[in-house]
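Just below is one structure, and these are the notes that go with it.
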Amino acid sequence: MKRRTALVTVALVGGLGVPSDGDEAYRSEVRAWRTEREARLKADGGWLTLAGLFWLNEGPNRFGTDPAGDIVLPQGSAPAKAGVFELRAGLVTVALQPGANGRVAGKPLSGPIAMRPDASGSPDVLEMGTLSMSVIERGGRLGIRLKDRNSPVRKGFAGLRWFDVREDYKVEARWVSHPQPKPVKVPNVLGQTESMPSPGYAEFTLNGKPVRLDGVLEDPHAEQLFFILRDQTSGKETYGAGRFLYADLPKAGKVVLDFNKAYNPPCAFTAYATCPLPPPQNWMPVRVEAGELDYGKGH
């Protein structure tokens, strides 16, 4: 694949600096981070194991490998009639059929139990052989997220591809705090819009153009800022729906954004993810030739 290589200059708000050229220690640190990123993706519970998403109907939702079931599991992975997820007034319970075996929190499931969703911060996970199932909540809807350690996506994974490490894409930007966290509307791939708290935004100049990015917090105790962004490589060299970037919380009015660590959301690898998408204000007017490349275009 051909890609243009442009001379990138970074002018930072407030006269802040960037790493000096030839910093091999920095490049090694980024390469190590990228290796860890791929390891997490390929891990037993990683996003490559995602194998299904089933929205629950009120009442019983039968699951197993039987094609006539409400939740159809991969053939050979479980009994034809394995059990039932029941949704009643916002509460999900699970019960297994006789002869089916499963564990929750490491303990054999012997009777119906309530399943806490991911919105609780500590979701319950039903494990059955190579499968795991948990309840997710999105936009007021409850569904079952299925993971399979034998997922074809995981088995066929060919490795991540990246732009070369570029020290000039590690930006120390000015951080502007809101007096109180401000709700930011964040769309997702399901067509929903959810509100996420934003404590402020980063300002910097990249390739001669001013850029502003809203950072959000994934939970009240988050120790990092989360940036959901697009740039002018999106849909070309990089994934069309955008990329993710985390940064340490700001100090003394500054925040470091290392675009060499910008990476693809789970929906770049599977149709069963529920990824947030960049809000319009985080559509960058410049090419960011750094970070993870589009997986789908290279394999």
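The values are calculated or read from the model by the stated rules, or taken from the named source; none is laboratory data. Given the structure is predicted, the values throughout are model-derived calculations rather than measurements. Because the Cβ atoms are built from the backbone with ideal geometry, glycine has one as well, and the counts that use them run over all protein chains shown. For accessibility, only protein heavy atoms count, side chains too; no ligands or nucleic acids. Shrake-Rupley method; radii C 1.70, N 1.55, O 1.52, S 1.80 Å.
Return the residue satisfying two criteria in turn: it lies in the range 217-246 and is charged (D, E, K, R) and in contact with a Lys or Arg (Cβ under 7 Å, 6 or more places away or on another chain), and of such residues it is nearest to ASN207 (Cα to Cα).
If we take residues in the range 217-246 being charged (D, E, K, R) and in contact with a Lys or Arg (Cβ under 7 Å, 6 or more places away or on another chain), then ASP231 is nearest to ASN207 (Cα to Cα).
Could you name every one of the strands (runs of 3 or more DSSP E) located completely within the range 79-164 that has at least 1 residues being over 21 Å from ASN264 (Cβ atoms) and of a type in the set (Gly, Ala, Ser)?
Ranges flagged: 83-88, 91-96, 131-138, 141-148.
Mind listing whichever residues of the range 171-218 are touching a strand residue (DSSP E or B) at 6+ places or on another chain (Cβ under 9 Å), in contact (Cβ under 8 Å) with a residue 60 or more places away in the chain, farther than 13 Å from LEU245 by Cβ and among the charged types (D, E, K, R)?
GLU172, ARG174, LYS185, GLU194, GLU203, ARG212
Being in a strand (DSSP E or B), open to solvent by 20 Å² or more (accessible area, probe 1.4 Å) and in contact (Cβ under 8 Å) with a residue 40 or more places away in the chain is the filter here; which residues of the range 237-286 pass it?
Listed by number, the residues that qualify are LYS254, VAL256, TYR263, PRO276, TRP283.
Regarding the range 189-203, can at least one residue be identified that is out of contact with any His (no Cβ under 9 Å at 6 or more places or on another chain) and surrounded by 21 or more Cβ atoms within 10 Å (Cβ to Cβ)?
Checked the range 189-203: at least one residue is out of contact with any His (no Cβ under 9 Å at 6 or more places or on another chain) and surrounded by 21 or more Cβ atoms within 10 Å (Cβ to Cβ).
Would you check which residues across the range 87-135 are acidic (Asp, Glu) and open to solvent by less than 60 Å² (accessible area, probe 1.4 Å) and list them?
ASP118, ASP124
For the range 45-73, which positions are in a loop (DSSP other than H, G, I, E, B) and out of contact with any helix residue (DSSP H, G or I) (no Cβ under 9 Å at 6 or more places or on another chain)?
GLY45, LEU56, ASN57, GLU58, THR65, ASP66, PRO67, ALA68, GLY69, ASP70, LEU73
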